[in-house]
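None of the figures in this text is laboratory data; all of them are computed from the coordinates on show. Just so it is clear, the model here is predicted, and its values are computed rather than measured. No Cβ is skipped: glycine too gets one built from the backbone with ideal geometry, and neighbour counts run over all protein chains shown.
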Amino acid sequence: MKEIQFISNRRKFLILSALCITITVIVLIINKGVNLGLDFTGGTLIQIRTTNKEMDIAMLRKILATYGYTKGVELQNIFTGTNEVKEFLIRFKFQQKDTLAAEIENIFKNSNILCEILRVEYVGPTIGKHLTKRALYAIIFSLIGIIIYVGLRFGSSIWGIMGVVALAHDVFLTIGFLTLLGKEITLTVIAALLTLAGYSINDTIVIFDRIRENIRIMRKESLERIMNLSINQTLTRTLLTSGTTLAAVLALYILGNQVIKDFALSLIFGVIIGTYSSIFVASSLVLEYNLTKGKK
């Protein structure tokens, strides 16, 4: 079987990654940062039920807009399994009024629509900040743990650092992708990003491990040759793992509700970009470091 030349073209792919990162930064600047969800910003969530068969997201948005609820309002359809009864989630960012539920109920009464308030949840800004800190701590400690683990396993911290750089590359581009689509960064999305981080670093470590084994066997070969051969040897495993994972998350995206769709969408893009970085980015960064170090 012909050996595919991944490493010899590494600088082209590194430039491509740098370009994608630049585009992501521009997207975040244009959007003034990520679109944080209710969990982080604070606000009110109201779940309603109606027997109006004509009610949908567009109609609900139009009714709320008529009464001035246009900005900071997010709507979500909840699958009930029947057309006789429909349920919706209404999220009001930054609004935590005790009278909000009553106001919404009055809006539907004035619109001659029978509506029942099922639940009202308030998320204060203090809780939002607490969740933000916890999410950041979870990501930071995960990355530090990965660097330590990979560094001990390979006898050099550079493998762990470059593995984490590739991982951060995947997570950052996924955040940019979600921001470009106007998706919220919620706790569910954070869970997807942490899942992606674990998936991405696992794929990278499999390739790193094969490189380590081949370094012991092929002592006369250059590191570039060993890395390229190792990636080729693990390519089938990488593609099969990515393919089966994609099949699972695609099923979640197609069959799941809106909350599951955001989780699945994050993983769909993340698995694709994670596979790319495992093959083209992680090992290339380690090689570039070693070549630079060797020149010095």
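Once the Cα-Cα distance is subtracted from the 0.36 nm per residue extended length, the residue 219 to residue 23 segment shows a gain of 66.5 nm. Site-free segments of the chain were taken between chymotrypsin sites (Phe, Trp or Tyr not before Pro) in DSSP loops having at most 15 other Cβ atoms within 10 Å, sites themselves excluded; the longest one is 95-296.
The angle separating the long axis of helix 258-280 from the principal Cα axis of greatest extent in the chain is about 10 degrees.
When the Kirkwood hydrodynamic radius is evaluated over all pairs of different C-alpha atoms of region 155-296, what value in angstrom, to one decimal, is obtained? Don't skip to the end; give the middle numbers.
Numbers: mean 1/r = 0.0625 Å⁻¹.
About 16.0 Å for region 155-296.
Each Lys or Arg adds one and each Asp or Glu takes one away; over the other residues whose Cβ falls under 11 Å from the Cβ of residue 178, this sums to -1. Look at the dipole of region 191-286 built from charges on Cβ: of 206, 271, 233, the Cα furthest out on the positive end belongs to 233.
Pairs of Cα atoms nearer than 8 Å and 6+ residues apart set the relative contact order; for region 1-98 it is 32 percent.
What does the extension gain come out to for residue 129 and residue 83, with contour length at 0.36 nm per residue minus their alpha carbon separation?
Working: separation 46, 0.36 × 46 = 16.56 nm, distance 3.89 nm.
This chain segment gains 12.7 nm when fully extended.
In a simple Cβ point-charge model (Lys, Arg +1; Asp, Glu -1; nothing else charged), region 43-123 has a dipole of about 220 debye relative to its Cα centre.
Exposed loop sites here mean GluC sites (Glu not before Pro) with a DSSP loop assignment and at most 16 other beta-carbon atoms within 10 Å; the chain contains its longest site-free run at 85-220.
Placing unit charges on each Cβ (+1 for Lys and Arg, -1 for Asp and Glu) gives the chain a dipole about its Cα centre, and among 138, 181, 166 the Cα reaching farthest toward its positive end belongs to 166. Multiplying the residue separation of residue 291 and residue 251 by 0.36 nm and removing their Cα-Cα distance gives an extension gain of 10.1 nm.
Straight-line cross-link partners of residue 62 among the lysines, defined as a Cα under 30 Å from its Cα and at least 8 positions apart when in the same chain: 32, 53, 71, 86, 93, 97, 109, 183, 261.
Under a Cβ-only charge scheme (Lys and Arg +1, Asp and Glu -1), can you give me the dipole magnitude of the chain about the Cα centre, in debye to the nearest 20? Intermediate results must be reported in sequence, preceding the final value.
Numbers: 32 positive and 21 negative charges, 238 e Å.
The dipole magnitude comes to about 1140 debye.
With the simple spin-label model, which puts each label point 7 Å out from Cα in the Cβ direction, the residue 235 to residue 191 separation comes to 3.7 nm.
Cα gyration tensor of region 43-123, axes a ≥ b ≥ c as square roots of the eigenvalues: rounded (a/c below 1.5), prolate (a/b > b/c) or oblate? Don't skip to the end; give the middle numbers.
Values: a/c = 1.60, a/b = 1.39, b/c = 1.15.
Here region 43-123 falls in the prolate category.
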